[in-house]
Structures are given as structure tokens and as C-alpha cells.
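Structure first, then comments.
Values in this text are rule-based calculations from the coordinates and carry no lab data. These figures come from a predicted structure and were not determined experimentally. Using ideal geometry, Cβ is built from the backbone for each residue, glycine included, and neighbour counts are taken over all protein chains shown.
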Amino acid sequence: MPAYGSRAPYADPRDGLQQMKKKARFQGHFPEVGKSSEKRLSEKYQQISKAREVSAVQQRRVMLDNRLNYELETERGMADLRRARMPAFRGEGARMMGADRVAEGIIA
């Protein structure tokens, strides 16, 4: 009685091993060979480190801009204090001078 199934001895493929592999690859039985997980992870790590460097540069620029704006605003405020000018009273000076002129005209 001949052996069947798992008890049968190994038989070489009829087409030959190379032909069988070519057919299997063509029919999609073998997965496509791509990048290894280590290579993908190292590329991802390089992208993250480059993004961190760019982010750090952008943060430094923003901090520098904020510092310069604060310094300019402080200098402008100090200049207003030195001149004894209050921003809300800028129009009041003209009114007071006009009132002084009217008073001089009435008195004279």
C-alpha cells in the first residue's frame, strides 16, 4: 500500500525548484522585500532629531524677537517718562494752550 499525506516521502516538484519559486513569486505568495524595521526606525529617529533642531532654532528666534520687542517697548516707555508725557494726555496740551491764549485776550 502506497503512503499518502504526511507519511509520503518528499517528492521533487515536477516543474523544478526554480520554476516553482518563480511562479509563486509571480502569483504573490512571497511578500515583497522592503526596508528592515531597524532601518525604518533609524530613518524615523533621524527625522525626529532634525525636526527637534529646527524647532529649537525657531524657538530661539521667537524668544529673541520677544526680547527685542520688550526692550523696545521698555525704552519707549522710559523715553515717555523722561519727557514727562502721558499717552492719554497728548491732546490736553493743545487745549490748555488755547485756553491760555483766550485768557490772555480777555485780560489784555
For the pair residue 69 and residue 82, how long in nm is the line joining their label points, each one 7 Å along Cα→Cβ? 2.5
Karplus-derived HN-Hα couplings along the range 39-44 (A = 6.51, B = -1.76, C = 1.60, θ = phi - 60°), whole Hz, x at Gly and Pro: 5, 4, 5, 5, 5, 4
Note: residue 35 to residue 106 extended length (0.36 nm per residue) minus current alpha-carbon separation gives 15.9 nm
Run down the lysines and flag those whose C-alpha is under 17 Å from the C-alpha of residue 50, throwing out any fewer than 8 positions away in its chain. 39
On a full-extension model of 0.36 nm per residue, what is the gain between residue 19 and residue 55, subtracting their alpha-carbon distance, rounded to one decimal in nm? 7.5 nm
